[in-house]
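The block underneath contains the structure these notes are about, expressed in structure tokens.
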Amino acid sequence: MNKSSALNLIVACWFLLVMPISARADDTLGQQPVFKAVDGLYSTQQDVKEILPINVEILSLKTLSEHDRVSAQAKVLKFQELDLTLNQAELYILHLIRANIANIEGQEHKVVNWLNQAIKLEPSLAKRQSNSPLFARAYLMLASIYERQGADKKAFDSKKIYIKKYFAYLKQQKSLRVKRLNEKYDIERKHEENELLRQNSQIKYLALSRAESERKQQNRNIAIFIVAAVILFLLLLRQFKIRRALTLLAKTDSLTLLPNRRSFFDNGYAYMEQALLEDRELSVLMLDIDHFKKINDSFGHDVGDKTLCNVAALANETMRSRDFLARIGGEEFAAILPDATIEQARAIAERMREKIQESSNENIDNNIQITVSIGLASIRDVRESFDGLLHAADMAMYQAKANGCNQVCSYCIELNEN
């Protein structure tokens, strides 16, 4: 045997001895360094490599392993039974899946082992693929495991590699975008220059036509805007009138055009509160048309409605400018008399009663005699609430009817006791 053959035999023996040791080291569950001299690792890679395709099922399995390790483990076993041929990128992802499945407390050494096996496949991948977040996250996961184990130096180094890869990925993406934009810009610029050289006169004509078209369009837009503004103004005006009419209807009795019951009580509470606060006089008047049901039954509702309108008009003429008269229901009317003592309120009520009676005598229609009974109450007698004050005036009005109608009766404590 010559020297050359002997040398080859020695190298072969040494290779056979080293390989099993390396294989056992890869399979061991102990924690091992992830890399040695990362710069040297990248320097051995080729500058240009193809991006390896990745099976969609493997990608979905990776997502599942991050959220449901038990289901992912079952699917990995089924996936292994298919005995598929995987490329280096798919093997890399499969190792990451196994690392995710093993990522439980007390199994950190298994996670490190699977991540080591994944990272050893990096030289077989294109640099732009291994730098992508899908693959580079192995270093981030490894840093997390080291941090849990208290190996801060290893955690720092792994995270540093991840950051380096991430920025390389961003730089690569930026370069690709810039390249695409430059190519697109160059093509468009050349095309535009050719078009400008060939159609210079046509462009001028189109520019003039465009200016004329824009002018006409602007005029049309102005006209449309003016028409729309006018229509909007008319709609707003109509809406305002409708709202005002509805507000008025909500507060007005449709027959007599006096304020209705709701408006009366809203104002009554305000008047009462102000009078109590400022210690001022306030009286309330309740008016009821005598025997109104008989008028309706004998002469019909048209005559009854006319009677209501006449009484409302006559009562309103008797009111002072600051008084508030309202129809609160049926043949009943009520008035709020601010700054009026019970004596002043009685004088107003007597004028009202006499005026209604005299008007009925002067304009006798179908032999109808119209009289009213009026009850009065003052805030000096009832101070609890406006409802109580109105109830007192109502009691006084019923006392007037009990006394024979066509009368004015004032509320007093004795009347309440009786």
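The values are calculated or read from the model by the stated rules, or taken from the named source; none is laboratory data. Bear in mind the structure is a predicted one, so any value in this text is a computation, not a measurement. Here the Cβ positions follow ideal geometry from the backbone for every residue, glycine too, while neighbour counts run over all protein chains shown.
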The one condition His95 fails out of (1) modelled with pLDDT under 85; (2) assigned by TED's automatic domain parsing to the domain that holds Ser130; (3) under 30 Å from Lys153 (Cβ atoms) is (1)
- Message: Considering only the stretch 181-190, I want to know if a residue exists there that is closer than 30 Å to Arg137 by Cβ, in a helix (DSSP H, G or I) and either assigned by TED's automatic domain parsing to the domain that holds Arg137 or without any contact (Cβ under 8 Å) to a residue 60 or more places away in the chain (or both).
- Response: yes
Looking at the structure I just gave you, is Ala155 under 30 Å from Asn131 (Cα atoms), in a helix (DSSP H, G or I) and either modelled with pLDDT under 90 or under 44 Å from the mean Cα position of the chain (by Cα) (or both)? yes
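Residues checked against (1) touching a residue at least 12 places away in the same chain (Cβ under 8 Å); (2) hydroxyl-bearing (Ser, Thr, Tyr); (3) within 18 Å of Cys405 (Cβ to Cβ); (4) touching a Lys or Arg at 6+ places or on another chain (Cβ under 7 Å):
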position	(1), (2), (3), (4)
Ala335	yes, no, no, no
Asp339	yes, no, no, yes
Ala349	yes, no, yes, no
Met352	yes, no, yes, no
Ile356	yes, no, yes, no
Thr371	yes, yes, yes, no
Gly375	yes, no, yes, no
Glu384	no, no, no, no
Leu389	yes, no, no, no
When restricted to Glu108, Glu90, Glu81, the only residue under 11 Å from Phe135 (Cα atoms), in the same structural domain as Gln149 (by TED's automatic domain parsing) and at pLDDT below 90 is Glu90
Log entry, pairs with first residue in the stretch 70-90 being assigned to a loop (DSSP other than H, G, I, E, B), second being surrounded by fewer than 16 Cβ atoms within 10 Å (Cβ to Cβ), beta carbons closer than 8 Å, six or more apart or on different chains, reads Asn87/Pro53
The number of residues in the stretch 308-357 that are touching a strand residue (DSSP E or B) at 6+ places or on another chain (Cβ under 7 Å) and among the polar types (S, T, N, Q) is 2
Across the stretch 248-292, the tally of residues that are small (Gly, Ala, Ser), surrounded by 13 or more Cβ atoms within 10 Å (Cβ to Cβ), under 46 Å from the mean Cα position of the chain (by Cα) and under 22 Å from Ala315 (Cα atoms) stands at 2
If we ask which residues in the stretch 284-300 are at positive phi and in contact (Cβ under 8 Å) with a residue 24 or more places away in the chain, their number turns out to be 1
